[in-house]
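The values are calculated or read from the model by the stated rules, or taken from the named source; none is laboratory data. Values in this document were obtained by computation on a predicted structure and should not be read as measured data. Positions of Cβ are generated from backbone atoms using ideal geometry, with glycine treated the same way; all protein chains shown enter the neighbour counts.
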Ligand SMILES: [Zn+2]
Ligand SMILES: [Zn+2]
């Protein structure tokens with residue numbers, strides 16, 4: 001076997017990921033074995049990508065929190081900006097837990113959309129003022145999921 005980058009060098013070592021030969025100069029030591037440079041490079045795109053269970057968990061948590069909260073808000077706190085701020089933080093926290101701590105643009109979108117849907121489903125936000133508060137709550141919830 002020869003090194004994949006240096007075809008004139010003989011080697012017995014191969015990348016634990018792609019299986020190509022590696023000379024000492026091309027070996028990268030990682031916690032999961034020796035790899036070539038390409039395979040050892042951290043894949044940043046993958047790290048940010050959530051698992052399906054995280055997306056589903058985030059969406060369910062956002063819906064549940066905003067529906068329950070929407071009912072509570074409809075019972076008397078309809079016009080309170082302060083309560084809206086607190087509520088937005090709580091919904092954001094719920095979505096964050098549902099997402100198992102994952103964050104990022106996709107989870108921000110989930111937080112905002114599920115919060116709006118949940119609030120409207122609970123009957124909150126059907127008047128102009130209530131809708132403004134619903135948007136504020138959704139925005140704060142989404143902000144909690146930012147990186
Ligand atoms: Zn490799
Ligand atoms: Zn090499």
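Any residue that is in contact (Cβ under 8 Å) with a residue 24 or more places away in the chain, crowded, with 21+ Cβ neighbours inside 10 Å and outside any helix (DSSP H, G or I) - is there at least one of those in region 69-79?
no
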The listed residue being modelled with pLDDT under 95, away from ligand 2 (no atom under 12 Å from the Cβ) and over 32 Å from the mean Cα position of the chain (by Cα), out of 69, 76, 50: 76
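Yes/no per residue for (1) more than 9 Å from ligand 1 (Cβ to nearest atom); (2) surrounded by 13 or more Cβ atoms within 10 Å (Cβ to Cβ); (3) part of a helix (DSSP H, G or I):
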residue: 6; (1), (2), (3): yes, yes, no
residue: 16; (1), (2), (3): no, yes, no
residue: 25; (1), (2), (3): yes, no, yes
residue: 38; (1), (2), (3): no, yes, yes
